[in-house]
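Enquirer: Pasting a structure below so you can have a look.
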Amino acid sequence: MKMQEFEVVSDKPCIIAEAPLWVEKTNTLWWADINGKRIHYMNLDTGKERAIVVPEQVGCLVLDESERI
């Protein structure tokens, strides 16, 4: 079996990074920092990354067709 190769896309620290979600239409990667109470997202074409502070821990992410959380 061939080993899968991985690439680090963000050097921003997370306490517990989980729930990666890739949106093909916008080539955007989303993930949750559960204990850090943040939702991160990065456009993989531009490398632009943002984080949204949320009031509680996030265990998973779901986006609608308009990319609303």
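Enquirer: Could you please find all residues in the stretch 50-61 being touching a residue at least 24 places away in the same chain (Cβ under 8 Å) and assigned to a loop (DSSP other than H, G, I, E, B)?
Expert: Our first condition is that a residue be touching a residue at least 24 places away in the same chain (Cβ under 8 Å); within the stretch 50-61, this holds for 51, 58-61.
Scanning the stretch 50-61 gives 58, 59, 60, 61.
Enquirer: How many residues are assigned to a loop (DSSP other than H, G, I, E, B), open to solvent by 40 Å² or more (accessible area, probe 1.4 Å) and over 15 Å from residue 69 (Cβ atoms) if we restrict to the stretch 15-49?
Expert: Kept after step one, since they are assigned to a loop (DSSP other than H, G, I, E, B), are these residues of the stretch 15-49: 15-16, 24-27, 34-37, 44-48.
Filter again for open to solvent by 40 Å² or more (accessible area, probe 1.4 Å), leaving 15-16, 24-26, 35, 37, 44-48.
Adding the requirement that they be over 15 Å from residue 69 (Cβ atoms) leaves 15-16, 24-25, 35, 44-48.
Number satisfying all stated conditions: 10.
Enquirer: From the list 2, 12, which residue is out of contact with any strand residue (DSSP E or B) (no Cβ under 9 Å at 6 or more places or on another chain), open to solvent by 40 Å² or more (accessible area, probe 1.4 Å) and more than 16 Å from residue 57 (Cβ to Cβ)? Give the derivation first.
Expert: Details: 12 fails: out of contact with any strand residue (DSSP E or B) (no Cβ under 9 Å at 6 or more places or on another chain).
One residue alone meets the criteria, 2.
Enquirer: Return the pairs, sorted by first residue and then second, in which the second residue is of a type outside the set (S, T, N, Q) and open to solvent by 100 Å² or more (accessible area, probe 1.4 Å), the first residue lies in the stretch 2-16 and is closer than 20 Å to residue 53 by Cα and in contact (Cβ under 8 Å) with a residue 12 or more places away in the chain, the beta carbons are less than 7 Å apart, and the residues are 6+ apart or on different chains.
Expert: Within 7 Å, no pair qualifies.
The values are calculated or read from the model by the stated rules, or taken from the named source; none is laboratory data. The shown structure was predicted, so the numbers you read here are calculated from the model rather than taken from an experiment. FYI the Cβ positions are ideal-geometry reconstructions off the backbone, even for glycines, and counts take in every protein chain you see. Only protein heavy atoms, including side chains, enter the accessible area calculation; ligands, DNA and RNA are left aside. Shrake-Rupley method; radii C 1.70, N 1.55, O 1.52, S 1.80 Å.
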